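The values are calculated or read from the model by the stated rules, or taken from the named source; none is laboratory data. Everything numeric here is computed off the predicted structure, so don't read it as measured data. Ideal geometry is used to build each Cβ from the backbone, glycine not excepted, and the neighbour counts take in all protein chains shown.
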Amino acid sequence: MRLSRFFLPILKENPREAEIVSHRLMLRAGMIRQQGQGSFSWLPLGKRVLDKVNRIIREEQDRAGGQEILMPTIQSADLWIESGRYEDYGKEMLRITDRHERNMLYGPTNEEMVTDIFRAYVKSYKDLPLNLYHIQWKYRDEVRPRFGVMRSREFLMKDAYSFDLDYEGAKAAYNRMFVAYLRTFARMGLQAIPMRADTGPIGGDLSHEFIILASTGESEVFCRKDFLQFEVPGADVDFSDDAQIADIVATWTTPYAATDEMHDEAAWAAIADDEKVSARGIEVGHIFHFGTKYSEPMNARVTGPDGKEHFVSMGSYGIGPSRLLAAIIEASHDDNGIVWPESVAPFDIALINMKAGDAACDRVCEELYEKLRAAGLDVLYDDTDQRAGGKFATADLIGLPWQVIVGPRGVAAGEVEVKNRKTGERQALPVADVLARFGSDR
Ligand code: 5CA
């Protein structure tokens, strides 16, 4: 992508409405635009990161046995009346009537709808386990939307739903999602800590929130230091091995970790002070086991191996991709702007032409641009006629992991400069070596 053609509305001034750094940087870097209270458009730079985040989520959901579907945003109230949640959900639910005066709503979550899909088709335990997920917009009429996409009214959610014959099966399904979440967040460069959590309007008896420690987090959290050392399971983890998955979950749930709603002062007091982490955190994921809470009232049953009918045992598993972008920025930025982890960066490389219009600089840049793209790298080529200082500031602000800087002096010597955004390290490199530098050893 050539910067001269790229829609990147950078803001020079700090937007006054932004109270936290991620909101400020997302607005300044032209990633999002506020359209209303808690409602945002995703501009090209933001949309690219959102897509990368969703890709990692999909890969890990699929690896753990999930199957992607897509359900509508607008739902009929009838299903919610069946489950008993239509009244319970309260003012957070945006209620709508259609031209026939039918009661509709903009889905805040999809337990009812997915249970309806399940009961229409699945009749036997032989079709279990089943895990269906989608990545879809949700609406919650939050009293106080704030911090940009961190707590918005319309937001993206990955929500997965598992169906099993009995508690044992449902617990194994819960464990698989638990491990998939550890991998998902780690791949985005985040250290997420699973903490015992309150189940709120989703219900059920078992629930964990996945928390990123950050001073700007909305929740108060408490955990043992041990978590900071734990190793996240590799790509070779075997999701078909229930015992292996249960072992990983046991390791990650044994040391004390709880959000303030579930905090146990007595257990906390028993931990040595230098073993404790008491901090603020951002909830990026939340998983629930709720058994037959929806299958009973909605009559979702399967025939078991005993020939009898059983209400299916369920769980649901949420991740907020739009909130995740803000959480990643909270965890990874400096005074000059965002520092994207390579796995979610909107482009891999900022190719900076320090003197656009200079024949030698233009020639080297065009050649590198073509070759790097041909090697499969995403390159944002700054071919504008802005002065060099402004170009560096933009590249730092939008946080691409690498900058390849092409200036007249270097080019005369057959060299370019490569800068690592995170460490600030700079290295002069012969033009001929740039491709090998990014093609292999990154
Ligand atoms: N049905 C369940 C799980 S699928 C559910 O709705 N869970 S939830 O309420 O905990 O939401 C799941 C995730 O969505 C949260 O962990 C959070 O990352 C994200 N999320 C929730 N509310 C908002 C919001 N107002 N703005 C941005 N993200 C949100």
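Among the residues in region 41-49, are any out of contact with any Asp or Glu (no Cβ under 9 Å at 6 or more places or on another chain), over 27 Å from TYR294 (Cα atoms), in a helix (DSSP H, G or I) and among the hydrophobic types (A, V, I, L, M, F, W, C)?
Within region 41-49, one or more residues are out of contact with any Asp or Glu (no Cβ under 9 Å at 6 or more places or on another chain), over 27 Å from TYR294 (Cα atoms), in a helix (DSSP H, G or I) and among the hydrophobic types (A, V, I, L, M, F, W, C).
Looking at region 101-145, which of its residues are within 11 Å of the ligand (Cβ to nearest atom), of a type in the set (Phe, Trp, Tyr) and either out of contact with any helix residue (DSSP H, G or I) (no Cβ under 9 Å at 6 or more places or on another chain) or within 21 Å of TRP42 (Cα to Cα) (or both)?
Correct list: TRP137, TYR139.
In region 186-237, how many residues are on the phi > 0 side of the Ramachandran plot and touching a helix residue (DSSP H, G or I) at 6+ places or on another chain (Cβ under 7 Å)?
1
Give the residue that is nearest to GLY84 (Cα to Cα), with candidates limited to residues of region 262-295 that are of a type in the set (D, E, K, R) and surrounded by 14 or more Cβ atoms within 10 Å (Cβ to Cβ).
In this case the residue turns out to be LYS293.
Taking the condition under 19 Å from the mean Cα position of the chain (by Cα) and under 30 Å from ALA246 (Cα atoms), does GLU59 pass? Talk me through it step by step, then tell me what you get.
Numbers: under 19 Å from the mean Cα position of the chain (by Cα): yes; under 30 Å from ALA246 (Cα atoms): yes.
It is true that GLU59 is under 19 Å from the mean Cα position of the chain (by Cα) and under 30 Å from ALA246 (Cα atoms).
Helices (runs of 4 or more DSSP H) wholly in region 345-442 with at least 1 residues that are under 22 Å from ARG5 (Cβ atoms) - which ones?
Answer list for region 345-442: 359-374, 388-398.
Would you confirm whether any residue within region 153-164 is part of a strand (DSSP E or B), of a type in the set (S, T, N, Q), modelled with pLDDT of 95 or more and within 13 Å of the ligand (Cβ to nearest atom)? Before you say what the answer is, go through the steps one by one.
Initial filter on region 153-164 (part of a strand (DSSP E or B)): 154-164.
Now drop any that are not of a type in the set (S, T, N, Q), which leaves 162.
Then keep just the ones that are modelled with pLDDT of 95 or more; that gives 162.
Right, trim to within 13 Å of the ligand (Cβ to nearest atom) and you get 162.
So far as region 153-164 goes, yes, one or more of its residues are part of a strand (DSSP E or B), of a type in the set (S, T, N, Q), modelled with pLDDT of 95 or more and within 13 Å of the ligand (Cβ to nearest atom).
Taking PHE40 as meeting all but one of (1) in contact (Cβ under 8 Å) with a residue 60 or more places away in the chain; (2) exposed (fewer than 15 other Cβ atoms within 10 Å of the Cβ); (3) of a type outside the set (S, T, N, Q), write down the number of the exception.
So PHE40 meets the others, but not (2).
So, THR199, is that one modelled with pLDDT under 95, within 13 Å of the ligand (Cβ to nearest atom) and of a type in the set (S, T, N, Q) or not?
Answer is yes for this residue.
Report yes if GLN61 is more than 30 Å from ALA350 (Cβ to Cβ) and either part of a strand (DSSP E or B) or in contact (Cβ under 8 Å) with a residue 60 or more places away in the chain (or both), otherwise no.
yes
Scan region 135-147 and give yes if some residue there is of a type outside the set (Lys, Arg), under 19 Å from the mean Cα position of the chain (by Cα), at pLDDT 95 or above and surrounded by fewer than 18 Cβ atoms within 10 Å (Cβ to Cβ), otherwise no.
Yes: one or more hits.
Just need a number here: residues in region 380-419 that are charged (D, E, K, R) and under 25 Å from the mean Cα position of the chain (by Cα).
Of the residues in that region, 1 qualify.
From (1) assigned to a helix (DSSP H, G or I); (2) within 15 Å of the ligand (Cβ to nearest atom); (3) farther than 21 Å from PRO321 by Cα, pick out the condition that doesn't hold for GLY204.
(1)
Considering every residue within region 178-193, establish whether at least one is crowded, with 16+ Cβ neighbours inside 10 Å and part of a strand (DSSP E or B).
Yes, there is a match, as at least one residue in region 178-193 is crowded, with 16+ Cβ neighbours inside 10 Å and part of a strand (DSSP E or B).
So which of ILE349, ILE405 is among the hydrophobic types (A, V, I, L, M, F, W, C), in contact (Cβ under 8 Å) with a residue 60 or more places away in the chain and touching a helix residue (DSSP H, G or I) at 6+ places or on another chain (Cβ under 9 Å)?
Matching residue, one of ILE349, ILE405: ILE349.
Considering each of MET150, MET188 in turn, give the residue that is within 12 Å of the ligand (Cβ to nearest atom) and either under 13 Å from ILE57 (Cα atoms) or within 14 Å of the chain's Cα centre (by Cα) (or both).
MET150
Out of LYS123, LYS12, LYS52, LYS47, I need the residue that is in contact with a Pro (Cβ under 8 Å, 6 or more places away or on another chain) and over 18 Å from ARG140 (Cβ atoms). Which one?
The unique qualifying residue is LYS52.
Hey, any hits in region 28-35 for a residue that's of a type outside the set (Val, Ile, Thr) and in contact with a His (Cβ under 9 Å, 6 or more places away or on another chain)? I'd like the intermediate steps shown before the answer.
Within region 28-35, the subset of a type outside the set (Val, Ile, Thr) is 28-31, 33-35.
Subset that is in contact with a His (Cβ under 9 Å, 6 or more places away or on another chain): none.
No; the residues of region 28-35 include none that is of a type outside the set (Val, Ile, Thr) and in contact with a His (Cβ under 9 Å, 6 or more places away or on another chain).
Consider GLY318 carefully, then state whether it is out of contact with any helix residue (DSSP H, G or I) (no Cβ under 7 Å at 6 or more places or on another chain) and at positive phi.
Criteria not met by GLY318.
Out of HIS333, HIS310, HIS286, report the one residue that is within 16 Å of the ligand (Cβ to nearest atom) and either farther than 27 Å from GLU209 by Cβ or in contact with a helix residue (DSSP H, G or I) (Cβ under 9 Å, 6 or more places away or on another chain) (or both).
On the way: HIS333 fails: within 16 Å of the ligand (Cβ to nearest atom); HIS310 fails: within 16 Å of the ligand (Cβ to nearest atom).
That would be HIS286, the only listed residue that is within 16 Å of the ligand (Cβ to nearest atom) and either farther than 27 Å from GLU209 by Cβ or in contact with a helix residue (DSSP H, G or I) (Cβ under 9 Å, 6 or more places away or on another chain) (or both).
Does at least one position in region 149-161 carry a residue that is under 26 Å from GLY46 (Cα atoms), buried (at least 22 other Cβ atoms within 10 Å of the Cβ) and without any contact (Cβ under 8 Å) to a residue 40 or more places away in the chain?
Scanning region 149-161 turns up no residue that is under 26 Å from GLY46 (Cα atoms), buried (at least 22 other Cβ atoms within 10 Å of the Cβ) and without any contact (Cβ under 8 Å) to a residue 40 or more places away in the chain.
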